[in-house]
Structures are given as C-alpha cells and as structure tokens.
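A.B. asks: Attaching a single structure in structure tokens format; questions to follow.
Since every read-out is calculated from the coordinates, none of them should be taken as a lab result. Note that this is a predicted model, so its numbers are computed, not measured. All Cβ positions, glycine included, derive from the backbone under ideal geometry; neighbour counts span all protein chains shown.
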Amino acid sequence: MAEPSPPPAASFQDRIDALVGSPMGSGTPNVAPDPVNQPMIRHWAAAFEDSNPAYVDPEFAESSRFAGIVAPPLMLQTWTMATPMITGIKGRGGAPLPSNDRSPLTVFDDAGFVGTLASNSEFEIHRYLRLGETVSARTVIESISSEKTTRIGVGHFVTWVTTYAVETGPGEPAEVVGIQRFRILKFKPGSAA
Amino acid sequence: MSHRRTLTLADVSVGDALPELVIDMMATVVVAGAIATRDFMPVHHDRDYANAQGSPEIFMNILSDTAYCSRFVTDWAGPEAIVRSLKIRLGGPAYANTTLTYTGSVTTVDALDSGEADVEVTFQAVNEYGQHVSGTMVINLPAG
C-alpha cells in the first residue's frame, strides 16, 4: 500500500488564519475555585484602598441601588485566576501551573515573533456580581492583525476575548456578566526601523 | 456611618476635571495588588527575578491597573455609580518606587429617558518614566 503523501506545509499566514476562533488553554471553561465572597472582596478593597461601601458595608449596600453587596466590577478577572502551584513557579516563567498544553501563540515564536507586549485591555460589564455566584470564563482568539511596523519592531496584534458567565440554575443557560478583550503584540525583537 | 452622595446628571458637564489620584507605588503596593488579584507572576513581587528579566524593579500587574482605574472614577462619581465599560491602552510599566498620578475629565454625558446618565471619562496615568496607561471608562449615574 502506498504511503499517503504528506500534506503540503502550511504557510505562516495559513497557520495564523487557523488560530482565529480557537480557544486559549484547554478549551473548557475556566471555573472560579470559589464563589464571589466577602473575604476576597475585602482583601481586594484593602489592597487598592478602595473605600466604596457597596463592596463591604451590608447596611449601605442594602439601601443602595444595588440592593445588596456587589463585587467590585473590575475584580471580574480575579475570580477565575488559577490557584497557583507556588513550587517551581520561577522555572515556569511565572506560569501558575505546570501545563502540557502548547500555547497556540507558539506559531508566532516559531516564526521569530518571540517578543510579547501587552497593548490593550477592554471590559464590558453587563452586570455586577453578587455574593455566592460562581464565575466561569471561556477565552478564544478573536482576531490577528496583518503584519504591522511598530515603534518596537514588526509584529502582529493578537486579540483574545474572554466571556465571563455565571450559572443560573440546572438546565438553564449561563448568564453572561461581562466580556474582556485583551490585545498583545507578538513582535520580532531588534526589528525596529 | 455616612457615605458620600453619588453624582447625578445635574452634577456633571463635559470638560469637568476629576480629582487627581496619586499612588505612592511602594513595593508593598505592587505586591498587595498582585496577590489580591491572585496574580503570582514573580515580576510582580520578586525584584531579583524582575532584574533578571531586564526590569529595574518589580512592576504593577494589569489587574491592579484596572482596579485603580475604577477607583479613580468611582472615588469621584460616588458609591452608586455603575461601571459599564473600561478601555485601557498600556504604556510603560508602573515600577515600584515611583509615583503614579491619574488625571482625567468628562468627555461625554448622555441623559437617559430614565433620568439616569451615562458618562464617559477619558483619563491617563503617568509616572517618572512617562505615560503608564490611558483610556476611557463609561459609568452610569443614578436618576437625580
């Protein structure tokens, strides 16, 4: 039986086109290890010295337009951050957990775009979270720009979109509570004009 | 305990400047923000690690950035202002042992039929190295 001929090598452009719509990480939703809770909110508010009573004062919150304690809106991303394995974190370049998953972005590194610079973060807050709600997050690559010449070198802007949702009940669809777009530049170091 | 009143439509006009927010970016501030947002990347708490990565100091993580942006706007607007959206563009890092100063002003005011108002604030934060972050936030103010 003849060996099947190998498929033609995909071009770099084909490979980055194929990334659009694909998940970052495992593809399964990342579920917060703990529901929205007062101790973590209090810790957050203390760290940023944010004295908003809607986050920590039940009496104020009940009488406010929120009708109860709400989580700080920009704490949204915090709930689904991975619980880290501290041992070995330096050797993993700061990655919270060991992973066998190959990042989809290695396509860029393989083509020489080894630099990474965070560029933009955008949130749409659909509603505030309440105590007891459990957040999940699903992230997919939304768009990849054509090659751009920037101040720090040539590269591609990569945008991924994370949809944050809470479960509303057995058999009910999850309710989307917020959307985050995050944009990085994958660039070739030393290629600045 | 009394709390500050939240602004309403009658209180805001395009061009109004927000009170400055000045953060003394001590290492403690950088570390407190990173851990409160559950970000354990060593560049946000370990200066030796940051130095080895080519940074002169540890620096603030992005989740802390968005936290300070919301505090800057809601400290001004009041506790019942509702954040609808935030868009930031990142500049240079907010290194420890610098001072980060947020300034901003009202750029749009939309009166809603409900009596509420959607207000856009355009802001920036700078430190000794230059621009750290710039962006816009839209908040909803309650009916007066």
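A.B. asks: Does segment A:27-179 classify as rounded, prolate or oblate by the C-alpha gyration tensor (a ≥ b ≥ c root eigenvalues; a/c under 1.5 gives rounded; else a/b over b/c gives prolate, otherwise oblate)?
C.D. replies: prolate
A.B. asks: To the nearest 10 degrees, how steep is helix B:62-77 against the longest Cα principal axis of chain B, on a 0 to 90 scale?
C.D. replies: So the inclination is approximately 30 degrees.
A.B. asks: Can you list the equivalent-ellipsoid semi-axes of segment B:9-141, largest first and in whole Å, using the square root of 5 times each Cα gyration tensor eigenvalue? Before the final figure, lay out the partial values.
C.D. replies: Working: eigenvalues 201, 39, 24 Å².
Those come to 32, 14, 11 Å.
A.B. asks: Net charge around B:S64, counting only other residues with Cβ within less than 15 Å of its Cβ (Lys, Arg = +1; Asp, Glu = -1)?
C.D. replies: Working: positive: B:R38, B:R71; negative: A:E49, A:D50, B:D24, B:D39, B:E57, B:D65.
Counting the neighbours of B:S64, the net charge comes to -4.
A.B. asks: What number, in percent, do you get for the relative contact order of segment B:52-129 if the mean sequence gap of Cα pairs under 8 Å and at least 6 apart is divided by its residue count? Present the calculation step by step, with values, prior to reporting the outcome.
C.D. replies: On the way: 66 pairs, mean separation 22.0, N = 78.
Taking the mean separation of contacting Cα pairs over the length of segment B:52-129, I get 28 percent.
A.B. asks: Place +1 on the Cβ of every Lys and Arg and -1 on the Cβ of every Asp and Glu in segment A:87-128, take the dipole about the Cα centre, and give the residue among A:L117, A:S99, A:Y128 whose Cα lies farthest towards its positive end.
C.D. replies: Value: A:S99.
A.B. asks: Whose amide H sits under 5 Å from the amide H of B:V133, counting only residues 5 or more places off or on another chain, with H placed in the peptide plane?
C.D. replies: Amide H neighbours of B:V133: B:G91, B:A125.
A.B. asks: Per q in 0.10, 0.16, 0.20, 0.24 Å⁻¹, report the Debye log10 I(q)/I(0) for segment A:1-112, using one uniform scatterer on each alpha carbon and no solvent.
C.D. replies: -0.56, -0.94, -1.11, -1.31
A.B. asks: Now for a different question. Please tell me the relative contact order of chain B in percent, rounded to the nearest whole number, where contacts are Cα pairs under 8 Å and at least six residues apart.
C.D. replies: Details: 297 pairs, mean separation 45.4, N = 144.
Reported as a whole number, the value is 32 percent.
A.B. asks: Using only alpha carbon pairs under 8 Å that are at least six residues apart, calculate the relative contact order of chain A and give it in whole percent.
C.D. replies: Result for chain A is 25 percent.
A.B. asks: Further question on the same structure: Post the alpha-carbon centroid distance, segment A:104-143 to segment B:29-80, in whole angstrom.
C.D. replies: If we compute the Cα centre of each part, the gap is 17 Å.
A.B. asks: Give the Rg (one decimal place) followed by the Dmax (whole number) of the protein assembly as shown, computed from C-alpha coordinates and expressed in Å.
C.D. replies: 21.4, 84
A.B. asks: Using the Karplus equation 6.51 cos²θ - 1.76 cosθ + 1.60 (θ = phi - 60°), what ³J(HN,Hα) coupling, rounded to whole Hz, does each residue of segment A:47-62 give in order, writing x for Gly and Pro?
C.D. replies: Per residue, the Karplus-derived 3J(HN,Hα) values read 4, 9, 6, 8, 8, 4, x, 5, 8, 9, 10, x, 5, 4, 4, 4 Hz.
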